[in-house]
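**Q** Before I ask anything, here is the structure I am working with.
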Amino acid sequence: MICISVTPQSRKLAKADLLNASRQGDLIELCLDRLIKAPDMAELLEGINKPILVSCRTPADGGHYEGTDEQRMTLLREAIVAEPAYIELDLETAKKVPRYGTTKRVVSYTSLDKPLGKVDDIFEEAYKAKADIVKFTWPTPTLDAAWPLLAAVTQKREVPVVGMGLGRAGLTFSLLGLKYGSPWVYAALEKGMEAYEGQPTVSELDETFCKSDIDAQTKFVGIAGLGAAQFSTIKILNQAFKQFDLKHRCLPLAIGKFDNVAKMLDVLKVNAILSSPKLGEHIFPLAEKLEEASEAAHYADLLLKQPEGWTGYNSLWRSALKSLETKLGSTGKDDRPLDRKNVLVIGHGGLARTIVHGIQQRKGLISITSGKDKEAMKIAQEFGLRHVGFGNLYDTLVDVVVIADPNLTIGHKKEDFNASYFKPGMTVMDVSNLPEESAILDEAKYRGAKIVEPLNVYADQLATQFKSITGKGLPEGLVEQVLGSTE
């Protein structure tokens with residue numbers, strides 16, 4: 001069940017917000033925090049065909065009510081007389097406000113500063129305060145922080161528990177709540193009406209995350225990261241899972257410390273994780289076993305749970321090389337268009353190592369440079385490459401340039417990249433922000449260089465990852481359908 005919160009400032013807008021929310025949500029939370037004048041609750045609730053939850057929170061509990069505590073208590077008591085389906089009361093208020101009529105009591109506890117480690121004592125207090133449902137709210141910047149909240153929701157107790165995770169992993173918590181039977185999860189009506197930064201809208205839960213498909217039998221595939229690229233990946237994969245009638249759905253993961261992540265993933269029965277190029281180096285430590293390319297690059301963009309543990313795979317290098325060689329004129333697997341070509345790799349981490357590993361397989365002549373010269377020099381020594389100081393790269397003539405640094409920016413400062421380096425006839429590929437076409441690629445195209453389209457690399461890599469997880473081919477044209485075709 002999806003609960004949509006509305007926080008109107010006027011009574012007139014309150015009615016409109018309730019009607020709009022009732023068309024999309026299963027339960028509507030009417031927050032009285034910001035109303036300038038006290039509402040006629042009976043009139044507000046009239047004609048709304050969905051159950052209503054009324055709340056009025058102070059800033060200490062994440063709300064905006066600025067009146068006195070006595071005024072707030074009066075407002076809540078008047079709201080209960082109108083007999084909404086639910087009334088939310090913080091723990092102290094619940095001890096002072098008696099049960100009335102058929103309205104169920106949601107007794108809430110909020111910690112805005114830090115996640116809670118244990119909730120048993122608080123739950124017991126709320127239960128004694130005549131709770132029908134207990135609600136916990138706290139920050140969830142990572143999966144670790146959301147874990148106790150999820151445990152509170154899924155554990156069998158005298159009364160049900162709902163939770164609201166504030167922050168990046170709040171979305172993760174909501175999707176897991178749908179699987180593990182939380183009475184409801186929270187969503188915003190639309191962009192700009194979020195209760196906290198990063199809260200999903202009800203349409204995102206529907207269209208991107210396929211909320212109506214998620215139940216106890218859902219098999220989650222972890223997607224490391226919560227950026228726009230990860231949301232695109234989630235939308236594509238979820239549509240592919242649906243087309244094949246598979247029970248898999250995507251779960252965004254904001255991974256912080258790795259101490260207990262493997263144990264958490266086991267409990268959640270997550271057996272596959274995909275990562276964006278930016279995070280392949282970050283999730284690499286989770287792997288207990290590595291394929292050759294992943295070990296060479298210290299980078300894993302696909303992790304699969306095998307009987308012997310988590311195995312890391314590097315799927316990017318093949319897709320990147322395939323797209324690059326096609327742009328260079330390859331017509332088949334026996335062609336070697338990179339053989340003896342001078343290639344400059346710009347980067348210093350696992351992403352740069354990945355590209356270096358791939359180009360070495362195809363006999364390219366590689367130079368490496370980065371604004372972090374010492375780290376680029378280490379890669380050069382490790383792989384037996386030519387190192388070019390970042391300040392000297394403009395004197396280096398090459399056939400191919402590969403951008404493998406997500407933080408590289410165009411400019412004229414010492415650490416910036418000067419786009420005048422690009423020349424007609426060069427071939428340029430940027431794998432650092434797939435599937436986006438970066439400002440660097442725009443500059444290269446403007447200066448006459450040939451561009452390897454990021455969407456082609458991304459689509460090929462995603463197809464490889466999908467087949468590794470499901471054994472099936474990604475439906476043809478699905479990536480272009482969701483993201484738009486390559487021009």
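The values are calculated or read from the model by the stated rules, or taken from the named source; none is laboratory data. What you see is a predicted model; the values in this text were computed from it and never measured. Glycine gets a Cβ as well: all are built from the backbone with ideal geometry, and neighbour counts include every protein chain shown.
**Q** Any residue that is within 20 Å of the chain's Cα centre (by Cα) and in a helix (DSSP H, G or I) - is there at least one of those in the range 437-456?
**A** yes
**Q** Then there's this: Restricting to the range 66-113, name every residue that is under 17 Å from residue 41 (Cα atoms), part of a strand (DSSP E or B) and aromatic (Phe, Trp, Tyr).
**A** If the condition is that a residue be under 17 Å from residue 41 (Cα atoms), part of a strand (DSSP E or B) and aromatic (Phe, Trp, Tyr), then 86 is the only one that fits.
Here is a yes/no grid of residues against (1) out of contact with any strand residue (DSSP E or B) (no Cβ under 6 Å at 6 or more places or on another chain); (2) assigned to a loop (DSSP other than H, G, I, E, B); (3) surrounded by fewer than 22 Cβ atoms within 10 Å (Cβ to Cβ):
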site: 237; (1), (2), (3): no, no, no
site: 246; (1), (2), (3): yes, yes, yes
site: 252; (1), (2), (3): no, no, no
site: 256; (1), (2), (3): yes, yes, yes
site: 263; (1), (2), (3): yes, no, yes
site: 270; (1), (2), (3): no, yes, yes
site: 273; (1), (2), (3): no, no, no
site: 285; (1), (2), (3): yes, no, yes
site: 294; (1), (2), (3): no, no, no
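**Q** Residues 135, 179: which one is among the basic types (Lys, Arg), more than 16 Å from residue 117 (Cβ to Cβ), touching a strand residue (DSSP E or B) at 6+ places or on another chain (Cβ under 9 Å) and part of a strand (DSSP E or B)?
**A** When all the criteria are applied, what remains is 135.
**Q** Which residues, taken from the range 238-273, are aliphatic (A, V, I, L, M) and more than 14 Å from the chain's Cα centre (by Cα)?
**A** 240, 246, 261, 262, 264, 265, 267, 268, 270, 272
**Q** Determine which single condition residue 186 fails, assuming it passes every other condition in (1) at pLDDT 85 or above; (2) over 23 Å from residue 62 (Cβ atoms); (3) surrounded by 18 or more Cβ atoms within 10 Å (Cβ to Cβ).
**A** All conditions pass for residue 186, except number (2).
**Q** Considering only residues that are of a type in the set (Gly, Ala, Ser), surrounded by fewer than 19 Cβ atoms within 10 Å (Cβ to Cβ) and part of a loop (DSSP other than H, G, I, E, B), which ones fall in the range 208-226?
**A** Matches in the range 208-226: 216 only.
**Q** Working only within the range 19-61, note down all residues that are modelled with pLDDT of 85 or more, part of a helix (DSSP H, G or I) and buried (at least 22 other Cβ atoms within 10 Å of the Cβ).
**A** Listed by number, the list holds a single entry, 21.
**Q** Here's another thing I want to ask about it. Quick one: what pairs do we get from the range 458-486, first residue farther than 19 Å from residue 323 by Cβ, second of a type in the set (A, V, I, L, M) and outside any helix (DSSP H, G or I), C-beta under 8 Å, 6+ apart or different chains?
**A** Here the result reads 469/221; 469/272; 469/304; 470/246, each pair linking the range 458-486 to a residue that is of a type in the set (A, V, I, L, M) and outside any helix (DSSP H, G or I).
**Q** Taking the range 89-135 on its own, how many of its residues are on the phi > 0 side of the Ramachandran plot and either outside the structural domain of residue 158 (by TED's automatic domain parsing) or touching a Pro at 6+ places or on another chain (Cβ under 9 Å) (or both)?
**A** Of the residues in the range 89-135, 1 are on the phi > 0 side of the Ramachandran plot and either outside the structural domain of residue 158 (by TED's automatic domain parsing) or touching a Pro at 6+ places or on another chain (Cβ under 9 Å) (or both).
**Q** Let me ask another. Any idea how many residues of the range 84-98 are of a type outside the set (A, V, I, L, M), over 17 Å from residue 122 (Cβ atoms) and modelled with pLDDT of 90 or more?
**A** Within the range 84-98, residues that are of a type outside the set (A, V, I, L, M), over 17 Å from residue 122 (Cβ atoms) and modelled with pLDDT of 90 or more number 2.
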